[in-house]
Amino acid sequence: MARDMSDKDILKMELDQLKLEVNTPRTAVSTTAPEIIAFVEGLSAEDPLVKGVPEDKNPFKEKGGCIIT
């Protein structure tokens with residue numbers, strides 16, 4: 001897409017993007033991190049990657065073994 005545009009058009013697009021980013025509200029990591037940690041810990045009990053999947057409900061369980069003779 002950038003090949004079809006002049007340098008002036010590209011710079012205008014970059015300027016428009018920067019104007020949008022300037023108005024984006026920011027929060028400090030020290031404020032956000034505890035919220036993220038609480039969210040992740042709250043859902044970890046239901047997470048199959050943490051808890052594991054019961055063998056009877058595992059759709060990827062091998063149906064049969066492979067015998068090589």
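The values are calculated or read from the model by the stated rules, or taken from the named source; none is laboratory data. Just so you know, these numbers come straight off a predicted model, no measurement behind them. Here the Cβ positions follow ideal geometry from the backbone for every residue, glycine too, while neighbour counts run over all protein chains shown. Note: areas computed on protein heavy atoms with side chains; ligands, DNA, RNA excluded. Shrake-Rupley method; radii C 1.70, N 1.55, O 1.52, S 1.80 Å.
Observations
- Every residue from the stretch 16-35 that is within 17 Å of the chain's Cα centre (by Cα) and open to solvent by 100 Å² or more (accessible area, probe 1.4 Å): GLU35
- Residues of the stretch 1-55 satisfying the condition of being in contact with a Lys or Arg (Cβ under 9 Å, 6 or more places away or on another chain) and among the acidic types (Asp, Glu): GLU55
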